[in-house]
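The values are calculated or read from the model by the stated rules, or taken from the named source; none is laboratory data. All values reported here derive from a predicted model rather than from experimental measurement. Ideal geometry is used to build each Cβ from the backbone, glycine not excepted, and the neighbour counts take in all protein chains shown.
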């Protein structure tokens with residue numbers, strides 16, 4: 001296996017981006033799924049459309065929208081500039097791109113977990129005087145944990161393999177914003193770099209297999225704890 005210092009930096013950056021994107025998205029994704037499943041309000045359909053929109057858009061389009069939004073002429077970019085915050089062409093832009101692209105998968109998985117909860121259990125807890133927060137902690141979170149775990153796994157995997165939006169918003173700067181997919185893209189353009197590209201591909205497979213195994217182990221543990 002041939003790995004250069006830049007390859008190792010790409011691996012660590014990919015893991016850093018994937019972990020950060022997953023950690024940032026989980027609480028927001030959980031709250032969004034809860035809102036969709038347990039609350040009735042106008043414009044719910046619009047909210048679902050907006051959440052799922054990244055699934056239908058090419059990642060490059062998402063990256064370009066982020067470029068416009070966070071750029072010097074974008075309203076958010078101007079606001080951040082006043083606060084001396086610069087996101088474009090940094091690893092943080094890669095995190096934002098991963099969050100936008102992977103968020104629909106996260107919400108959908110958590111939502112499926114919540115929709116499988118027996119409504120009679122929630123009604124019984126409310127009848128016994130439990131607050132919504134008590135019901136959230138004792139019923140909704142434990143019984144939707146498999147959905148949360150599945151969503152986190154999908155979010156991590158999607159972030160790890162994100163390419164189109166990342167290369168537009170974060171660039172492809174070796175050692176700074178170059179993730180594993182971007183490094184493989186560089187190597188693929190040169191026939192002499194095939195061994196290096198295969199090495200990074202193998203690393204990606206190893207990480208993905210580890211994530212899948214961890215997901216299966218935790219899922220079985222959750223099933224045992226729930227008496228399934």
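Here are a few things to note about the model shown:
- Screening the candidates 106, 87, 69, 112 for the property of being within 24 Å of residue 27 (Cα to Cα), in contact with a helix residue (DSSP H, G or I) (Cβ under 7 Å, 6 or more places away or on another chain), assigned to a loop (DSSP other than H, G, I, E, B) and at pLDDT 90 or above yields one hit, 87.
- Qualifying residue in the stretch 93-114 (condition: more than 21 Å from the chain's Cα centre (by Cα) and either surrounded by fewer than 17 Cβ atoms within 10 Å (Cβ to Cβ) or closer than 18 Å to residue 53 by Cβ (or both)): no
- Here the helices (runs of 4 or more DSSP H) wholly within the stretch 139-228 that include at least 1 residues being out of contact with any helix residue (DSSP H, G or I) (no Cβ under 8 Å at 6 or more places or on another chain) and farther than 17 Å from residue 14 by Cα are 194-225.
- In the set 98, 5, 25, only one residue is within 21 Å of residue 204 (Cα to Cα) and either in contact with a strand residue (DSSP E or B) (Cβ under 9 Å, 6 or more places away or on another chain) or modelled with pLDDT of 95 or more (or both); that residue is 98.
- Test result for residue 147, at positive phi, crowded, with 16+ Cβ neighbours inside 10 Å and in contact (Cβ under 8 Å) with a residue 24 or more places away in the chain: no
- Qualifying residues in the stretch 16-34 (those that are more than 9 Å from the chain's Cα centre (by Cα) and surrounded by fewer than 16 Cβ atoms within 10 Å (Cβ to Cβ)) - the one nearest to residue 113 (Cα to Cα): 31
- Taking the numbered list (1) more than 15 Å from residue 101 (Cα to Cα); (2) crowded, with 16+ Cβ neighbours inside 10 Å in turn, residue 82 passes all entries but (2).
- Every condition in (1) under 23 Å from residue 31 (Cβ atoms); (2) in contact (Cβ under 8 Å) with a residue 40 or more places away in the chain is met by residue 161 except one, and the failing one is (1).
- Matching residues in the stretch 169-188 - criterion: being surrounded by fewer than 21 Cβ atoms within 10 Å (Cβ to Cβ) and within 18 Å of residue 65 (Cβ to Cβ): 171
- Here residue 124 fits the description: free of Cβ contacts under 8 Å to residues at least 12 places away in the same chain, farther than 17 Å from residue 19 by Cα and in a helix (DSSP H, G or I).
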